[in-house]
Amino acid sequence: MKVFLVFRSCRIGYLYCTSALLVIFFLSLSTSNAQDVAALNAANKSVTYDQAISKYKFLDEQYAQAKLIEMGMTDIGRPLHLFVISSDEQFSPEQAKKSGKLVFLINNAIHPGEPDGVDACIRYSERILAEKKALPSNVVILIIPFYNIDGAMKRGCCSRANQNGPEAYGFRGNARNLDLNRDFIKCDSENAASFTSLFRAWDPDVFLDTHVSDGSDYQYTMTLISTQHNKLGGPAGKFMKTTFTPALFERMKAAGDEIAPYVNTARYDDTPESGIYGFLENPRFASGYAALFNCFAFVSETHMLKPFDARVKSTLRLIDIMVKYSSENAGTIQDKRKQTNAYFKSLKEHVLGWESDTTIYETIMFKGYESYRKKSKVTGTDQLYFDQTKPYTRSIKLYDEYKPTESVTVPDYYVIPQAWKNVIERMIFNKVEFIRFSSDTSLMVEQYIIKDFKTGKDPYEGHYVHSSVQTEKRTIRMNYYKGDYLIPTNQDAIRYIIETCEPTAPDSWFAWGFFDSILQQKEWFSSYVFDEMAATILEKNPGLKKELETKRTADKDFAENGFAQLYYIYRNSEYFEDFRVFPVSRFSGDN
Ligand SMILES: [Zn+2]
């Protein structure tokens with residue numbers, strides 16, 4: 001704006017020269033400001049969205065090995081940017097796949113109030129591009145500078161009440177007040193639609209989502225979530241638990257920045273001494289979504305009470321170590337993913353539900369602070385405090401094993417009628433392969449009837465989420481129309497398909513309410529006519545008559561409610577509609 005005004009004011013040659021000099025001065029000032037992100041961080045400041053994008057544009061212009069590209073839109077109409085660093089100047093997913101390079105994706109500002117990764121990634125990119133030797137020849141590095149751009153624009157000082165800097169940062173919710181770290185399956189936001197398309201196009205081998213954590217206080221600046229290894233499963237799960245994660249811990253310690261597993265306690269105000277639990281991330285979360293594609297996913301969680309500058313440095317260190325480790329072990333990482341993909345394709349049963357197996361734990365040395373409880377001056381109740389003057393190193397229990405609670409047999413195919421466009425659209429974002437019927441088709445399929453479920457009282461992330469879903473399965477001949485979708489499970493997206501299409505899965509289409517219209521009864525009866533029909537129905541069906549009498553005897557309210565009794569007969573008669581039929585069917589073998 002200042003530059004614009006200078007030009008507008010110039011009328012004579014002398015002033016024109018002055019203003020031109022001013023332009024150069026302002027441009028150089030903005031460039032040097034953007035360049036010195038380390039100085040900003042040291043002053044407890046984080047870059048703005050505009051500063052970050054102009055910085056990446058500058059790097060794109062400066063270095064042949066870097067390119068800033070746009071990968072779809074976000075809810076506020078700004079593009080989702082992706083910064084690509086590639087030593088051989090190849091910047092497309094097709095080229096990356098062809099070259100066999102490992103793809104390393106970093107996502108920042110999913111929670112814009114936790115901007116450590118935003119600044120760390122700019123500093124990392126600057127450094128690695130400047131020191132050409134540091135550029136790994138076998139890794140393509142992808143950086144999303146800001147994922148929740150909408151939230152980043154709502155910049156303020158205070159929405160993270162207890163966080164130790166930076167001075168200004170964005171807001172957690174996006175333009176639709178969605179937490180994008182719950183949006184990976186339902187894709188309510190355009191951000192998530194763009195992200196999932198990007199993720200599936202590039203098919204990253206390693207993924208890091210950067211955050212800042214609240215919760216217990218302890219000595220570490222950085223804690224790390226690795227995708228829960230039992231759920232990641234197969235050779236990848238084992239490699240994650242026994243090799244990849246321990247290597248990152250060792251290397252961070254050797255670099256003088258010891259880290260701990262993410263401090264996830266059983267209850268909110270439990271202390272770490274009571275034991276910490278591996279974090280189970282369902283596919284709604286970034287790393288849980290990545291696990292559906294056998295990707296090695298991590299979530300960095302710096303601690304909110306550590307100074308911003310130290311948190312950025314720790315995130316930068318972790319990125320550096322992760323990229324180096326991935327480069328050194330690229331072949332193994334890629335092999336483990338391939339093996340895990342084959343493993344999931346070979347399974348007859350697929351696990352949908354998990355719970356912590358508290359019979360198994362390991363003991364880890366933990367650097368915490370002594371805690372105590374004292375009466376709050378405000379509430380008069382017991383309050384937990386941590387004493388930073390009393391650090392300790394103590395062995396604590398880490399419960400990092402999960403066991404299956406529910407599984408389903410894997411069918412060869414799912415069938416989705418084209419009417420369910422909202423589901424199909426999301427499957428297309430995720431590059432699910434399908435066949436469309438070329439003519440009307442009749443098939444014998446397994447079909448679920450939704451028997452029961454619980455629904456949250458309040459909306460959660462824009463949905464009334466269903467849980468504790470009970471189903472009954474039946475085999476039935478169904479007629480499908482030309483253009484309906486046949487989805488083979490023998491494809492790379494197998495885990496995504498099963499965990500969205502099975503109604504009892506925690507992040508299924510059903511759980512998120514995509515099929516809510518099937519839950520409502522459409523036809524009714526007129527009791528003044530149906531009363532006499534009901535008598536005939538009972539005459540013809542002595543079993544039903546007996547059931548009705550038993551229910552009347554057991555339930556006084558029912559016995560006194562004429563409509564309820566007629567409705568009971570109606571529901572158990574041939575007049576009642578086929579109710580709560582789950583629209584996605586499944587079958588195996590020939591049909
Ligand atoms: Zn976060």
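The values are calculated or read from the model by the stated rules, or taken from the named source; none is laboratory data. Keep in mind the model is a prediction, meaning the values are calculated, not measured. With ideal geometry, Cβ positions are generated from the backbone for all residues, glycine too; neighbour counts draw on all protein chains shown. Accessible surface is based on the protein model in full, side chains and every heavy atom, while ligands, DNA and RNA are left aside. Shrake-Rupley method; radii C 1.70, N 1.55, O 1.52, S 1.80 Å.
What is the ratio of the Cα radius of gyration of segment 153-204 to 2.2 N^0.38 Å, with N the residue count, to two decimals?
Details: Rg = 13.9 Å, N = 52, 2.2 N^0.38 = 9.9 Å.
That works out to 1.41 for segment 153-204.
Rounded to a whole number, what % of the accessible area of the chain do carbon and sulfur atoms account for, probe 1.4 Å? Could the numbers behind the result be given before it?
Working: 13900 of 27220 Å².
Heavy-atom surface of the chain belonging to carbon and sulfur, 1.4 Å probe: 51 percent.
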### Query
Give or take rounding to whole Å, what are the principal axis extents of the alpha carbon atoms in the chain, in descending order?
103, 62, 53
### Task
Would you mind calculating the relative contact order of segment 402-470 from Cα pairs under 8 angstrom and at least 6 residues apart, reporting the percent as a whole number?
19
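As a quick test, which of the pairs Lys241/Lys336; Lys55/Lys313; Lys57/Lys97; Lys98/Lys238 have an alpha carbon distance above 22 angstrom in this structure?
On the way: Lys241/Lys336 13 Å; Lys55/Lys313 19 Å; Lys57/Lys97 25 Å; Lys98/Lys238 27 Å.
Listed pairs above 22 Å: Lys57/Lys97; Lys98/Lys238.
Based on the mean of other beta carbon atoms within 10 Å per residue, what is the order of 469-482, 506-519, most packed first? Each step should come with its number before you reach the end.
Values: 469-482: 13.4, 506-519: 20.0.
Peptide ranking by packing, descending: 506-519, 469-482.
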### Task
Could you pull the accessible area for Arg436 with a 1.4 Å probe, rounded to 10 Å²?
110
#### Entry: Relative contact order of segment 309-400, defined on C-alpha pairs under 8 angstrom at six or more residues apart (%)
26
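Okay, helix-only estimate at 222 nm for the chain: each DSSP H run of n ≥ 4 adds -39500 (n - 2.57), divide by all residues, round to 500 deg cm²/dmol; what do you get?
On the way: 20 runs with 213 residues, N = 591.
Only helices count here, giving -11000 deg cm²/dmol.
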### Task
Could you tell me, in Å, what Rg and Dmax come out for the Cα atoms of segment 207-254?
12.4, 34
### Query
So which aspartates and glutamates can Lys367 reach, going by Cα to Cα under 20 Å and dropping same-chain residues fewer than 8 places off?
Asp214, Asp217, Glu250, Asp257, Glu258, Asp269, Asp270, Glu273, Glu301, Asp387, Asp400
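Taking 0.36 nm per residue of sequence separation and subtracting the Cα-Cα distance, how much length would be gained by fully extending the chain between Ile476 and Ser439, in nm to one decimal?
Details: separation 37, 0.36 × 37 = 13.32 nm, distance 1.96 nm.
Additional length available on full extension: 11.4 nm.
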### Task
Report ³J(HN,Hα) in whole Hz for each residue of segment 153-159, in order, from the Karplus equation J = 6.51 cos²θ - 1.76 cosθ + 1.60 where θ = phi - 60°; Gly and Pro get x.
6, 8, 8, x, 9, 10, 5
### Summary
accessible surface per residue for segment 527-587, probe 1.4 Å, DNA/RNA/ligands not counted, whole Å² -> 64
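If I take R0 = 30 Å and measure r between the Cβ atoms of Ala161 and Lys421 in this structure, what FRET efficiency does the formula 1/(1 + (r/R0)^6) give, to the nearest 0.05? Each step should come with its number before you reach the end.
Numbers: r = 42 Å, r/R0 = 1.39.
Result of the calculation: an efficiency of 0.10.
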### Burial ranking of peptide ranges 53-66, 382-395 (average Cβ count within 10 Å, highest at the top)
53-66, 382-395
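Summing +1 for each Lys or Arg and -1 for each Asp or Glu, what net charge is found among the other residues whose Cβ lies under 15 Å from the Cβ of Glu560?
So the surrounding residues net to 0.
For segment 262-326, what class follows from the C-alpha gyration tensor (a ≥ b ≥ c being the square roots of its eigenvalues): rounded when a/c is under 1.5, otherwise prolate if a/b is larger than b/c, else oblate? Intermediate values should be presented prior to the final figure.
Working: a/c = 2.22, a/b = 1.06, b/c = 2.10.
Cα axes put segment 262-326 in the oblate bin.
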### Message
Below 8 Å, C-alpha to C-alpha, sequence gap of six or more: please give me the relative contact order for the chain in percent.
### Response
12
### Query
Each residue of segment 137-150 in order: what ³J(HN,Hα) in whole Hz does its phi give by Karplus 6.51 cos²θ - 1.76 cosθ + 1.60, θ = phi - 60°, with x for Gly and Pro?
7, 10, 10, 9, 9, 10, 10, 8, x, 9, 8, 8, 4, 3
### Query
Which percent, nearest 5, of DSSP beta bridges in the chain are antiparallel?
75
### Task
Take peptides 456-468, 37-49, 399-411 and line them up by average Cβ neighbours within 10 Å, highest first, as a rough protection proxy.
37-49, 399-411, 456-468
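Could you pull out every whole DSSP H run in the chain that spans at least 15 Å of Cα extent along its own axis and averages 0.5 or higher on the Kyte-Doolittle scale? Intermediate values should be presented prior to the final figure.
On the way: long enough: 13-35 (33 Å, 1.08); 49-62 (20 Å, -1.13); 116-130 (21 Å, 0.07); 190-202 (18 Å, 0.01); 308-328 (30 Å, -0.01); 330-346 (24 Å, -1.36); 527-540 (20 Å, 0.26); 542-554 (18 Å, -1.32).
Result, helices passing both filters: 13-35.
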